[in-house]
Amino acid sequence: MSTTAPARPGGAVGLRACASACGVEGLGARLAAVARLVGEPPFLVASGGCAATLASHLRGETHHVPLGRPLPYALGLALAKPGRAVLVFLGDGEAAGPGLGHLLHAARRGDPVRALVVNNEVLGVAGGFPSAATPRGRRTEAAPQGSSARGVDLARLAAEAGAAWVGRETVTAGGSLDRLVAEFLSAPAFALLEVRAPCYPAVGRWNGHESPEAMHEALERRAIRDRDDLARRDDDRFPVGRLWPPDADAAPAAPRPDRGSR
Amino acid sequence: MRLLLGNEALALGALDGGARFYAGHPLQASAEIDRTLLRSLPERGGTAVLVEDEAAALAATLGAGAGGLLGVTATNAAGLAMAGPLLAHAAARGIPALLAVVGSQGDPPEAVGRGERPGPVETASQREIGPLRWCAGGGASLPVFTPASPAECYALARAAAREAVARRGPVVLYVDHVIGHLREPVDDAPAAEETPEDAESYRVRDAQVLVVAVGIVARAARSAVRIARERGVRAGLFRPVRLWPFPDALLRDAASGVERLIVAELSEGQLVETVATAVAGIAGIGPRPGVRSLTGAGMLVPGRIAAAIEESA
């Protein structure tokens, strides 16, 4: 992993180089390696931002579509190509903002697609503005006073809306991430995998982190890996692993909220 | 031959033209299109899905088009306003799709006869004429067809579906609120498939005054032409069937002998500039005084258009 990051997301070095600092480049390589083992999705759908760079790691036919609309576009594509896997890449700005309604409805309907969200808690490419997933109080490049609104918990909302499979990991989780990606790529649809990645230029350096590595370590400390530790969950900490469906022997304090009569 | 609403005929025409996918977010103005497709597509081996909003409906339609299934969706003026980036995307990427836009109902009815308060579908607005010209953003105008009867809704929808596939791009059907809800006989199993003309000319050969109108207004204008001729004014009608890109050359042919043009539309003059530009330079027609704009809210009835013809003669 590079120890340098550009002053702006993407910046003069471009998103691919930038993505080596936040780990999205590495995520793409892991995704490609795992996909070769469990089967490559033939169709990829993305719009813009950092997350869209992931599509370039895979060999599938990539469809770049207008911002906010990858999920419904993917629904049409999947219905036209039954039996062929469609993988959607989203950023948190899109998934929690203009695409949030689409995400919840895709989960509710059980759309035959899988969505991988890279959540870096900021509108990085757009200039460091808070996204709808930025935690309350977090400072960003364009909001040095701190974001005033609560951040959307994408994985939790997707599970609540009825997604068949939901997982979350940090981008530096190594083998755990590989195993979760493999499960995700063959999970029943609708499936959502949220990968947390730190954006050093738009968030980290505005919150006292000295380097991208320091921000990776801080992100890792926010991850809750022990289910007994769930009581310590707050707006800033998040459970990781497969979040839905819960393990058969999971403790009653499963991370998903009550799903009623479903 | 069946009695069908314009909206129903449009849906069946799209199916007969090859549409095999529908994604929609039903809206009151276009609900009969949604209902017909939801019922008919599965019978024909197609796929129909209801989604959360108009943008999702169009995005899914494009996704299906990219995947090899010609899709159709229907919306209204508000949905059209959200459609720009997706239509631009489809045009740029060569994705075939059909978009039916059912116009808004228009303002209530001062313009309709005194004391005759119209029923729920007897008024229309054509305020989508202008927005439709650039509905795909800054690129070229998309093909936009404007039927003036349920029979034409069927024929143009079928032709539009064929054109979307042949051109590999989005094609729009623009139905005003009255035409969409008018019930008339439709031959939905014609023996031969005819390619529709881009415009209809009615009694233009000897006309001094030419009315230009689309949709329900063109039907009123047709009656107005007859009324004016009974009163001794040689009037004619030019009706663009392919509204955009505007059939300039056909209009110039029709207008070559006329002295005055009247552009009748249920909007604040969205079509008149295009007509004035198209006929500019034709002998006998001044740059602007020769092209008159007749606008209305709710409806333009034949008597009003006939009066405008007589004033212009």
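Looking only at the stretch B:17-47, residues that are part of a helix (DSSP H, G or I) and touching a Phe, Trp or Tyr at 6+ places or on another chain (Cβ under 8 Å) come to 4 in all.
Condition first: within 7 Å of chain A (Cβ to nearest Cβ) and among the polar types (S, T, N, Q). Can you find one or more residues in the stretch B:12-28 that meet it?
Taking the stretch B:12-28 first, the residues within 7 Å of chain A (Cβ to nearest Cβ) are B:21, B:23.
Narrowing further to those that are among the polar types (S, T, N, Q): none.
No, the conditions are met nowhere in the stretch B:12-28.
Checked against (1) over 21 Å from A:E183 (Cα atoms); (2) more than 14 Å from chain B (Cβ to nearest Cβ); (3) not aromatic (F, W, Y), A:R114 meets all criteria but (1). Screening the stretch B:66-81 for residues that are facing another protein chain (nearest Cβ under 7 Å) and touching a strand residue (DSSP E or B) at 6+ places or on another chain (Cβ under 7 Å) and picking the one that is surrounded by the fewest Cβ atoms within 10 Å (Cβ to Cβ) gives B:L69. Looking only at residues of the stretch A:79-128 that are in contact with a strand residue (DSSP E or B) (Cβ under 7 Å, 6 or more places away or on another chain) and among the β-branched types (V, I, T), we find that the one that is surrounded by the most Cβ atoms within 10 Å (Cβ to Cβ) is A:V88. Taken over the stretch B:270-288, residues that are surrounded by 14 or more Cβ atoms within 10 Å (Cβ to Cβ), farther than 20 Å from B:Y202 by Cα and at pLDDT below 90 amount to 1. Within the stretch A:226-262, if we keep just the residues that are in contact with a helix residue (DSSP H, G or I) (Cβ under 8 Å, 6 or more places away or on another chain), at pLDDT 80 or above and in a loop (DSSP other than H, G, I, E, B), the residue that is surrounded by the most Cβ atoms within 10 Å (Cβ to Cβ) turns out to be A:V240.
Residues in the stretch A:48-66 that are farther than 20 Å from A:V171 by Cβ and among the β-branched types (V, I, T) were compared, and the one that is surrounded by the most Cβ atoms within 10 Å (Cβ to Cβ) is A:V65. Among the residues of the stretch B:67-82, the ones that are under 13 Å from B:G24 (Cβ atoms) and small (G, A, S) come to 3 in all. Identify, please: which residue in the stretch B:133-164 is in contact with a Pro (Cβ under 9 Å, 6 or more places away or on another chain) and surrounded by fewer than 18 Cβ atoms within 10 Å (Cβ to Cβ) and is, among those, modelled with the highest pLDDT? Checking each candidate, the answer is B:S141. The lone criterion from (1) part of a loop (DSSP other than H, G, I, E, B); (2) within 14 Å of chain B (Cβ to nearest Cβ); (3) buried (at least 18 other Cβ atoms within 10 Å of the Cβ) left unmet by A:P135 is number (2). For the stretch B:92-104, which positions are away from chain A (no Cβ under 12 Å) and of a type in the set (A, V, I, L, M)? Those that are away from chain A (no Cβ under 12 Å) and of a type in the set (A, V, I, L, M): B:L98, B:L99, B:A100, B:V101, B:V102.
What tally of residues in the stretch A:21-47 results from selecting those that are more than 14 Å from chain B (Cβ to nearest Cβ) and either surrounded by fewer than 17 Cβ atoms within 10 Å (Cβ to Cβ) or not β-branched (V, I, T) (or both)?
In the first step, residues of the stretch A:21-47 are kept if they are more than 14 Å from chain B (Cβ to nearest Cβ); the result is A:21-40.
Still in the running and either surrounded by fewer than 17 Cβ atoms within 10 Å (Cβ to Cβ) or not β-branched (V, I, T) (or both): A:21-23, A:25-33, A:35-40.
Matching residues across the stretch A:21-47 total 18.
Within the stretch B:29-65, the set of residues being at the interface with chain A (Cβ under 7 Å from one of its Cβ atoms), touching a helix residue (DSSP H, G or I) at 6+ places or on another chain (Cβ under 6 Å) and hydrophobic (A, V, I, L, M, F, W, C) comprises B:V51, B:A55, B:A56, B:A59, B:A60, B:L62, B:A64. Under the condition of being within 14 Å of another protein chain (Cβ to nearest Cβ) and aliphatic (A, V, I, L, M), which residue from the stretch A:49-73 is farthest from B:Y22 (Cα to Cα)? Per the criteria, the residue is A:L67. Of all residue pairs spaced 6 or more apart or on separate chains, those with beta-carbon atoms under 6 Å, a first member in the stretch B:154-183 that is charged (D, E, K, R) and a second member that is in a helix (DSSP H, G or I) and surrounded by fewer than 23 Cβ atoms within 10 Å (Cβ to Cβ) are B:R158/B:D16. Taking the criterion of being part of a helix (DSSP H, G or I) and out of contact with any helix residue (DSSP H, G or I) (no Cβ under 6 Å at 6 or more places or on another chain), the residues of the stretch B:81-94 that qualify are B:A81, B:G84, B:P85, B:L87, B:A88, B:H89, B:A91, B:A92, B:R93.
Of note, A:G76 satisfies the criterion of being free of Cβ contacts under 8 Å to residues at least 24 places away in the same chain, within 8 Å of chain B (Cβ to nearest Cβ) and buried (at least 24 other Cβ atoms within 10 Å of the Cβ).
Restricted to helices (runs of 4 or more DSSP H) entirely inside the stretch A:53-119, those with at least 3 residues that are more than 18 Å from the chain's Cα centre (by Cα) are A:70-80.
May I ask you to say which residue of B:R260, B:R304, B:R292 is touching a residue at least 60 places away in the same chain (Cβ under 8 Å) and either under 16 Å from B:A221 (Cα atoms) or surrounded by 21 or more Cβ atoms within 10 Å (Cβ to Cβ) (or both)?
Being touching a residue at least 60 places away in the same chain (Cβ under 8 Å) and either under 16 Å from B:A221 (Cα atoms) or surrounded by 21 or more Cβ atoms within 10 Å (Cβ to Cβ) (or both) holds for just one of B:R260, B:R304, B:R292, which is B:R304.
Step by step: first the residues of the stretch A:192-211, then only those that are outside any loop (DSSP other than H, G, I, E, B) and crowded, with 24+ Cβ neighbours inside 10 Å, then the one that is farthest from the chain's Cα centre (by Cα). Which residue is that?
First, the residues of the stretch A:192-211 that are outside any loop (DSSP other than H, G, I, E, B): A:192-196, A:204-206.
From the residues that got through so far, the ones that are crowded, with 24+ Cβ neighbours inside 10 Å too are A:192-196, A:204.
Values: A:L192: 8, A:L193: 6, A:E194: 3, A:V195: 4, A:R196: 6, A:G204: 18 Å.
Filtering the stretch A:192-211 for residues that are outside any loop (DSSP other than H, G, I, E, B) and crowded, with 24+ Cβ neighbours inside 10 Å, the one farthest from the chain's Cα centre (by Cα) comes out as A:G204.
The values are calculated or read from the model by the stated rules, or taken from the named source; none is laboratory data. Note that the structure is a prediction, hence the values are computed from the model and not measured. Because the Cβ atoms are built from the backbone with ideal geometry, glycine has one as well, and the counts that use them run over all protein chains shown.
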